[in-house]
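Engineer: My structure is below; once you've seen it, I'll send some questions.
The values are calculated or read from the model by the stated rules, or taken from the named source; none is laboratory data. Keep in mind it's a predicted model, so treat the numbers as computed, not measured. When we count neighbours, we look across all protein chains shown, and the Cβ atoms used for this are built from the backbone with ideal geometry, even at glycine. Protein only, heavy atoms only, side chains kept; ligands, DNA and RNA dropped before computing areas. Shrake-Rupley method; radii C 1.70, N 1.55, O 1.52, S 1.80 Å.
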Amino acid sequence: MRLDKFLCCCHMGTRSRVKKDIRGGLVTVNGERELCPERHVDERQDRVCHRGQLCVYEEHVYYLMHKPPGVVCATEDKRERTVLDLLGEDKREGIFPVGRLDKDTEGLLLLTDDGALAHELTSPARHVEKEYECRLAYPFDEMQKERLESGVDIGEERLTRPAAVRILDDKRITLTITEGRFHQVKRMLRAVGNEVVYLKRLRVGPLKLEEDLAAGSFRRLTREEMESLRG
Ligand code: URA
């Protein structure tokens, strides 16, 4: 395979970006600087490094992002900044967010080009847990907790599936749900007479949002995390 194509397959950037990097002396093959994008490499044997990082061929790429509030979960938008704008030009090709967070919600968002995994994670049959921190407009009580835990009417055919609630203080809870209906958390809290004023997703299945991943930042998933997601 051509060196520039190999680097694209390793998700090191767009074709034009990696060509520039090769010509700029940022790529080595078996320890030797390689300036020619057309050079052929053996993807199983040659050791290719891009900016000092060993390139490993992977079919798909997975990012864990701390979505900040004020950015929309879409691949493109005429007016609003999207989560793919945060990912950057060199990484966004073919990538989409898995599920949706509202514009004003922050927290853990997965981005990938793996349609099969995205489908699995968002499938209603899989009941993947999503945990949210909710700050509320009004004091939260045991009655609201019990209702959320047994399922509430949010104006659809079926009640919501039972949720798990942890009370953090009188206006702050965590809510864990296993569905992904439109504005579900806000509608559930409204259904029990409260109102969400701030929402942050802390966890999706086994993936947790680390404290030190700043809003707007992202990182690649580790192999172990990818395997735990496929469960
Ligand atoms: N539920 C909501 O109401 N909003 C989100 O962004 C996610 C879950």
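Engineer: Look at residue 113 and say whether it is away from the ligand (no atom under 16 Å from the Cβ), within 30 Å of residue 15 (Cβ to Cβ), open to solvent by 10 Å² or more (accessible area, probe 1.4 Å) and touching a His at 6+ places or on another chain (Cβ under 7 Å).
Structural biologist: Numbers: away from the ligand (no atom under 16 Å from the Cβ): yes; within 30 Å of residue 15 (Cβ to Cβ): yes; open to solvent by 10 Å² or more (accessible area, probe 1.4 Å): yes; touching a His at 6+ places or on another chain (Cβ under 7 Å): yes.
So residue 113 passes the test.
Engineer: Now a separate question. In segment 193-208, is there at least one residue being of a type outside the set (Ser, Thr, Tyr), on the phi < 0 side of the Ramachandran plot and more than 16 Å from the ligand (Cβ to nearest atom)? It would help to see each step written out before you state the result.
Structural biologist: At the first step, the residues of segment 193-208 found to be of a type outside the set (Ser, Thr, Tyr) are 193-197, 199-208.
Cutting the leftovers down to on the phi < 0 side of the Ramachandran plot gives us 194-197, 199-204, 206-208.
Cutting the leftovers down to more than 16 Å from the ligand (Cβ to nearest atom) gives us 206, 208.
Yes, segment 193-208 contains a residue that is of a type outside the set (Ser, Thr, Tyr), on the phi < 0 side of the Ramachandran plot and more than 16 Å from the ligand (Cβ to nearest atom).
Engineer: Let me ask something else about it. Evaluate segment 128-139: report whether one residue or more is of a type in the set (A, V, I, L, M) and under 30 Å from residue 10 (Cβ atoms).
Structural biologist: As a first pass, look at segment 128-139 and keep what is of a type in the set (A, V, I, L, M): 128, 136-137.
Checking the rest, the ones that are also under 30 Å from residue 10 (Cβ atoms) come to 128.
Looking for residues that are of a type in the set (A, V, I, L, M) and under 30 Å from residue 10 (Cβ atoms), one finds at least one in segment 128-139, hence yes.
Engineer: Can you name the number of the only condition in (1) open to solvent by less than 20 Å² (accessible area, probe 1.4 Å); (2) within 11 Å of the ligand (Cβ to nearest atom) that residue 148 fails?
Structural biologist: Condition not satisfied by residue 148: (2).
Engineer: Considering 77, 46, 90, which residue is out of contact with any His (no Cβ under 6 Å at 6 or more places or on another chain) and in contact (Cβ under 8 Å) with a residue 24 or more places away in the chain?
Structural biologist: 90
Engineer: Separate question: Would you tally the residues in segment 17-60 being assigned to a helix (DSSP H, G or I) and open to solvent by less than 80 Å² (accessible area, probe 1.4 Å)? Spell out the reasoning first.
Structural biologist: In the first step, residues of segment 17-60 are kept if they are assigned to a helix (DSSP H, G or I); the result is 17-23.
Retained after the next criterion (residues that are open to solvent by less than 80 Å² (accessible area, probe 1.4 Å)): 18-19, 21-22.
Result for segment 17-60: 4.
Engineer: Any residue in segment 93-101 that is open to solvent by less than 60 Å² (accessible area, probe 1.4 Å) and on the phi > 0 side of the Ramachandran plot?
Structural biologist: yes
For every residue, the table says whether it meets (1) open to solvent by 40 Å² or more (accessible area, probe 1.4 Å); (2) assigned to a strand (DSSP E or B); (3) touching a Cys at 6+ places or on another chain (Cβ under 7 Å).
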residue	(1), (2), (3)
121	no, no, no
135	yes, yes, no
176	no, yes, no
199	no, yes, yes
210	yes, no, no
226	no, no, no
